[in-house]
Amino acid sequence: VDIDWEWPGSNNGLEGNTVDTVNDKNNFRLLLKEFRTQLDAYGATTGKHYTLSAFLPANPSDITAGGWNNPELFTYLDYGNVQGYDFWGGWAPTQTGHQGNLYDDPNDTRPANQRYSVDKAIKQYTNAGIKPSQLGLGLAMYGRGWTGV
């Protein structure tokens with residue numbers, strides 16, 4: 001089972017999402033815990049291990065809002081895949097940026113909380129105590145372009 005909740009506790013998710021900034025973080029933790037409990041119970045009857053994974057945000061504010069940097073979540077998850085792409089796009093029509101850069105651009109004049117990179121995202125997780133072996137990285141096989149900016 002792969003969980004793709006974009007993004008608990010954050011208003012940066014898909015348009016139309018209902019966000020509960022107070023309860024989403026704990027509800028998400030409880031959801032993962034229940035999935036793990038049910039998968040393990042079923043696995044006890046079949047003799048198999050069932051994998052639980054999740055699609056992880058790269059934006060530091062989304063990571064914090066959803067509690068993704070809580071090591072407890074990774075006691076339920078086998079692994080997570082960090083979204084290493086879509087850092088910029090049509091949802092920010094007056095700004096451009098790299099699609100999925102590995103490191104911050106040292107010439108970027110935006111505030112630090114608007115400078116995204118794969119390196120910064122992975123460090124958010126590992127600095128919180130998440131094992132690198134539990135992190136995968138999603139990369140885009142497409143590009144984005146802008147006009148009139």
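In segment 103-114, what count of residues is obtained for those that are loosely packed, with under 14 Cβ neighbours inside 10 Å and touching a Ser or Thr at 6+ places or on another chain (Cβ under 6 Å)? Working first, answer last.
Just the residues of segment 103-114 that are loosely packed, with under 14 Cβ neighbours inside 10 Å, to begin with: 103, 105-107, 109-113.
Still in the list and also touching a Ser or Thr at 6+ places or on another chain (Cβ under 6 Å): 103.
The qualifying residues number 1.
Does Thr21 fit the bill of being over 21 Å from Ile130 (Cα atoms) and at pLDDT 95 or above? Spell out how you get there, then give the answer.
Values: over 21 Å from Ile130 (Cα atoms): yes; at pLDDT 95 or above: no.
The answer is no for Thr21.
Residue check: is Leu52 modelled with pLDDT under 95 and touching an Asp or Glu at 6+ places or on another chain (Cβ under 9 Å)?
So Leu52 fails the test.
Look through Asp108, Asp86, Asp2 and report the one residue that is within 23 Å of Gly145 (Cα to Cα), touching a residue at least 24 places away in the same chain (Cβ under 8 Å) and charged (D, E, K, R).
Testing whether each residue is within 23 Å of Gly145 (Cα to Cα), touching a residue at least 24 places away in the same chain (Cβ under 8 Å) and charged (D, E, K, R) leaves just Asp86.
Given (1) buried (at least 18 other Cβ atoms within 10 Å of the Cβ); (2) hydrophobic (A, V, I, L, M, F, W, C); (3) assigned to a helix (DSSP H, G or I), identify the lone condition not met by Ala44.
(1)
So, in segment 58-77, how many residues would count as being outside any helix (DSSP H, G or I) and either over 9 Å from the mean Cα position of the chain (by Cα) or among the basic types (Lys, Arg) (or both)?
Selection size over segment 58-77: 6.
Could you run through segment 115-130 and say how many residues are surrounded by 16 or more Cβ atoms within 10 Å (Cβ to Cβ), of a type in the set (S, T, N, Q) and either modelled with pLDDT under 90 or assigned to a helix (DSSP H, G or I) (or both)?
1
The values are calculated or read from the model by the stated rules, or taken from the named source; none is laboratory data. From a predicted model like this one, the values you see are computed outputs, not experimental measurements. Note: ideal-geometry Cβ built from the backbone for every residue, glycine included; neighbour counts use all protein chains shown.
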